[in-house]
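*Asks:* Take this structure, written in structure tokens, and hold onto it; I'll ask about it next.
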Amino acid sequence: MGKFLIIDDSDPDIKYTSTTGWSSESLVGPDSNEYGESVHISTTPGDMMEYSFEGIGISVYATLNNVVSQGQPDIVFSIDNENPVSFNASSVGDGVVSHILVYQSPVLLNGTHTLKAISTGRGSPFYFDFLTVDTAQENPVGDVIVDDRDLSIL
């Protein structure tokens, strides 16, 4: 079983592009719990986040803020410029909710891949928090997520 790296939104290897710029904040709300105490926020159509990684999969986590009353963020995700997928928050209630899985790639061939997330600017702001990368490695370099159900943990 490979280990999962956790990549904070403030990691310098994440490329943010925008005509007006992504903004960053430490917390979305008083009861939110952002990883690394930071999020990057998109409200502009065409804002893009890009991250290249080595491994067999990647997941994107965000904080959602009042999606029932403000609408969900409209973000499209793709891996290696293939098969774009839109985020759907239909099962999330109102209020500020942290650590929501907003995208999970299919299992990929082990190698170098590029994730892109593009905002349409519709709906509520997109509060990007962190990524997890399935490295398919037993001892990757970086911060790893430990699953307490992993039988290899003594």
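The values are calculated or read from the model by the stated rules, or taken from the named source; none is laboratory data. These numbers were taken from a predicted model, which means no experiment stands behind them. Quick reminder, even Gly has a Cβ in these numbers, built from the backbone with ideal geometry, and neighbours come from all protein chains shown. In case anyone asks, the SASA skips ligands and DNA or RNA and just uses the protein heavy atoms, side chains included. Shrake-Rupley method; radii C 1.70, N 1.55, O 1.52, S 1.80 Å.
*Asks:* How about the range 13-25: which of its residues are under 15 Å from the mean Cα position of the chain (by Cα) and open to solvent by 70 Å² or more (accessible area, probe 1.4 Å)?
*Replies:* Just the residues of the range 13-25 that are under 15 Å from the mean Cα position of the chain (by Cα), to begin with: 13-16, 22, 24.
Result: Asp13, Lys15, Ser24.
*Asks:* With the requirement that a residue be modelled with pLDDT of 85 or more and either among the polar types (S, T, N, Q) or open to solvent by less than 60 Å² (accessible area, probe 1.4 Å) (or both), what does the range 75-100 give you?
*Replies:* Passing the criteria: Ile75, Val76, Phe77, Ser78, Ile79, Asn81, Asn83, Ser86, Ile100.
*Asks:* Please go through the range 32-46 and pick out each residue that is open to solvent by less than 10 Å² (accessible area, probe 1.4 Å), under 12 Å from the mean Cα position of the chain (by Cα) and either within 12 Å of Pro73 (Cβ to Cβ) or of a type in the set (Val, Ile, Thr) (or both).
*Replies:* Of the residues in the range 32-46, the ones open to solvent by less than 10 Å² (accessible area, probe 1.4 Å) are 34, 39, 42.
Filter once more, so that each one left must be under 12 Å from the mean Cα position of the chain (by Cα): 34, 39.
Selection gives Val39 alone.
*Asks:* Identify, by number, the condition in (1) part of a strand (DSSP E or B); (2) at pLDDT 85 or above that Asp13 doesn't meet.
*Replies:* Only one criterion in (1) part of a strand (DSSP E or B); (2) at pLDDT 85 or above is unmet by Asp13, namely (1).
*Asks:* All but one of (1) closer than 24 Å to Gln137 by Cα; (2) among the hydroxyl-bearing types (Ser, Thr, Tyr); (3) at pLDDT below 90 hold for Thr43; which doesn't?
*Replies:* Of (1) closer than 24 Å to Gln137 by Cα; (2) among the hydroxyl-bearing types (Ser, Thr, Tyr); (3) at pLDDT below 90, only one is false for Thr43: (1).
*Asks:* Among the residues of the range 28-38, is any within 22 Å of Thr114 (Cα to Cα), modelled with pLDDT of 80 or more and not hydroxyl-bearing (Ser, Thr, Tyr)?
*Replies:* Among the residues of the range 28-38, not one is within 22 Å of Thr114 (Cα to Cα), modelled with pLDDT of 80 or more and not hydroxyl-bearing (Ser, Thr, Tyr), which makes the answer no.
*Asks:* Scanning the range 105-143 for residues that are at pLDDT 95 or above, part of a strand (DSSP E or B) and open to solvent by 30 Å² or more (accessible area, probe 1.4 Å), which turns out nearest to Gly46 (Cα to Cα)?
*Replies:* Result: Lys116.
*Asks:* Could you list all residues from the range 47-65 that are open to solvent by 40 Å² or more (accessible area, probe 1.4 Å) and either over 16 Å from Ile14 (Cα atoms) or modelled with pLDDT under 90 (or both)?
*Replies:* Selection gives Ile56 alone.
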